[in-house]
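Working notes for the structure below.
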Amino acid sequence: MTGFEVVERDGLARLGRFDTPHGPIDTPALLPVVHPDPARQPVSPKEMHERLDVRAVITSSYIVWRTAPLRAVAEAEGIHRLLGHDGPVMTDSGAFQQHAYGSVEVGPDEILAFQSAIRSDIATVLDLFTEPESSHEAAEAALEATLARARDARRARKGLLAVPVQGGSHDDLRFRSARAASELGDIAAVGGVVPLLEQYRFVELARILVATRPGLGAGSAVHLFGGGHPMTFAFAALFGVDLFDSSAYHKFARRGRLLLPEGSVAIDEVRDPICRCFLCAERPLSEVAGLSGPERERRIAYHNLVASVEEMGRVRRAIRDGTLWELAERRAAAHPALRAGLAEARRHPEVFLPTEPESRRAFRETGPESRERPAVVRFLRHLAAYAAGRPEPKRVPAVALRPEYLSHLPIRDLSGSSVYWEAVTPLGPVPLELSETYPAGPYLGIDEFVDPRSHLSPATLAKKVEAAVGGSADLDRDWTADWTRFQVRSLLEWRYGRVVARDLPPSLVGERSPRTGRLRAIRSDSEVVFHIGTDGVVRPTFRGAGLLRPHLPPGRERVVVSDDARPFVEAGRSLFARFVASADPALVPGASALLVDRSDELLAVGRLLLAPHEIPLLSRGVAARVVAHARGPELPSEPAGEEAP
Ligand code: GUN
Ligand code: ZN
């Protein structure tokens, strides 16, 4: 609805963008809470913009409404003039004040009309704030009222609308509320969680986000009310939170506390020059500690905002790099409660798996719990299916899949039966032929993960092999070529299933890198038909996709391109979401897909940015980038992709 566009992503988290009448908002974004009275702003929106590059802010329409002088300016000249800010302004509705003070004197229709009258870019429905402790009955009644208000608001409001998600701690209500918020609103704003954030009740927060997430559509931007401590940004972003607001930078400053991504500290405890930001260059924190009154508070608040904006930048970079889980795990070290919250998130892989990418550039552990990330859960499930029915494998330490090792490992015994080998990895035993596959691959050959006693030279490996299979297999033979053939079929089986791998033509030949010995391509009649990435994943070239297509059941691995976009895709332009007619629901972000027309003619090979279930919900942006196409050579990298008509 918003016209939300996904530009890059890591799991549920996305770098996105949507337009407002005062310019675009690039997400994830921190919208600092700005008091509408300039006298009560420790940092003005002008300073936020000029010195911190903060474009979008949030303020309370209710405080403006009830404060006559502010209201007069806002009604006459608009909220932007009142704030002295010409970037996007989101307004909240007074629900939080209603919660804090028991009541507000304004009704839902009036405050919504007021937000439109003062030209708010994003107006918020006056919801009923529901406490986490609220009974199901009370939470449900409040939710019904909130939803009725949201429906009225949608009819009345032409501009962008934020619809709060309530429901207390009740999963069914959170889900229903999220679905309605995504349908009615441009922005689904998860509310009722301030007590959880303030009291570090991150396990409950995780449960709420787990219950909420499946109800949220990919087309809505997701806001978290009150998510303003930088320590929590990566955690919330994991669940796909796009917008954060908070007065935390100011609230903590009032108590003399510095916000840091590693937690918060009292400024009085700061003796050393811990920061070199532009503010500290003007006046170090240790000096700020010695100030008093409003100047001290102002400077701490300012510093807190700098720290928050910087952390949001790190979250954005982590999404781009595919390292958001790493960042969230490192941040969880800030507080045991946050660690517990992240552990709760890991207990619900089903929430993350539909958007879990096929692979990432890296898999870095921050600790043993990293081995429970969704990427590993999916890998181990896939592995169980892959290895089902195999005879007992032999174990080898995590040797690299290099010819000097493989040459010693017989894959058949003297009677012709297959001998299977498993590499011992920190994720558990992994069939040796797959041990370079994400996320097991990155462990391979890394010394600290291998038992030092099992450190192997090819010669000692040969001795171990002799002990394991000596007498029953030919140990004098060089097994490298057998391994290459076996591994080619295995990687194809891993990706496309046993039947497809078996049916592909026998002419496929694996090619190893002369430098590393890794399998890097599969050729047929000397032409490359699959590339094998450093993530161990096979990806077809245009020829390869042509080889695959007749062996795949209808629809499988396909994204069907609408007629309008056919000529563009054929010529190598990106496939935009609104030109996708259908997509195989088993595909995941990052996967290679066959881009076909309605008659199943192959147009191109694409890399998916979106999960299939997200595509119909996103009217803007790219669904798949073309990597190889009918009318041209293999593209060396991702094409710029102009928009089709
Ligand atoms: N600010 C903090 N929490 C909430 C909430 O639940 N609803 C609204 N509208 N604003 C909030
Ligand atoms: Zn600083």
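Extension gain, Glu198-Cys277: 0.36 nm per intervening residue step, less the Cα-Cα distance, totals 25.7 nm. For the Cα atoms of the chain, what angle does the longest principal axis make with the long axis of helix 136-156, in degrees from 0 to 90, nearest 10? Taking Cα atoms only, the helix is inclined about 80 degrees.
Would you mind counting up the charge near Gly167? Only other residues with Cβ under 14 Å from its Cβ, with Lys and Arg at +1 and Asp and Glu at -1. The answer is -4.
In a fully extended conformation the segment linking Ala100 and Ser286 would gain 63.5 nm over its present Cα-Cα distance, using 0.36 nm per residue. Which lysines have a Cα less than 27 Å from the Cα of Lys463, not counting those fewer than 8 places away in the same chain? Correct list for Lys463: Lys394. For the pair Ala586 and Glu350, label points projected 7 Å from Cα toward Cβ lie 2.0 nm apart. Model label sites at Arg66 and Arg477, defined 7 Å from Cα along the beta-carbon direction, differ in position by 8.4 nm.
Which value, in nm² and rounded to one decimal, describes the direction-averaged projected area of the C-alpha convex hull of the stretch 204-326?
8.6
Could you tell me the center-to-center distance, by alpha carbons, between the stretch 65-109 and the stretch 416-437 in angstrom? That distance is 62 Å. Measuring nothing but alpha carbons in the stretch 1-52 and taking Rh as the Kirkwood radius, the Rg to Rh ratio lands at 1.08.
On a per residue basis, the convex hull of the C-alpha atoms belonging to the chain measures out at 177 Å³. Shape annotation for the stretch 42-191: C-alpha extents along the principal axes are 45, 31, 30 Å, from largest to smallest. In this simple spin-label approximation, Thr534 and Arg485 carry label points 7 Å from Cα along the Cα→Cβ vector, and these lie 3.1 nm apart.
What order do you get for 402-415, 168-181, 382-395, 561-574 when each peptide is scored by the mean count of other beta carbon atoms within 10 Å, highest first? All intermediate terms of the calculation are to be shown ahead of the outcome.
Values: 402-415: 17.6, 168-181: 22.1, 382-395: 12.0, 561-574: 19.7.
Top of the packing list down: 168-181, 561-574, 402-415, 382-395.
Our coupling estimate for the stretch 30-41, obtained by passing each phi through the Karplus curve with A = 6.51, B = -1.76, C = 1.60 and θ = phi - 60°, is 9, 9, x, 6, 10, 6, x, 8, x, 5, 10, 9 Hz, Gly and Pro reported as x.
Report the full-extension gain for the segment His613 to Arg402: residue separation times 0.36 nm, less the Cα-Cα distance, to one decimal in nm.
Length gained between His613 and Arg402: 72.0 nm.
Quick one: if the Förster radius is 35 Å, what FRET efficiency do Asp26 and Ala630 give, using the C-beta to C-beta distance and rounding to 0.05? Result of the calculation: an efficiency of 0.50.
As an equivalent ellipsoid, the stretch 325-424 spans semi-axes of 36, 16, 11 angstrom, where each value is the square root of five times an eigenvalue of the C-alpha gyration tensor, largest first. Straight-distance candidates among the lysines for linking to Lys251, with alpha-carbon spacing under 24 Å and chain neighbours fewer than 8 residues away dropped: Lys46. At 1.306 mPa s and 10 °C, plugging the Kirkwood radius over alpha-carbon pairs of the stretch 314-372 into Stokes-Einstein gives what diffusion coefficient in µm²/s? D, rounded to a whole number, is 131 µm²/s.
Read the figures in this text as sums done on the coordinates, not as results from a lab. Just so it is clear, the structure is predicted and the values come from calculations on it, not from any experiment. Every residue, glycine among them, receives a Cβ derived from its backbone with ideal geometry; neighbour counts consider all protein chains shown.
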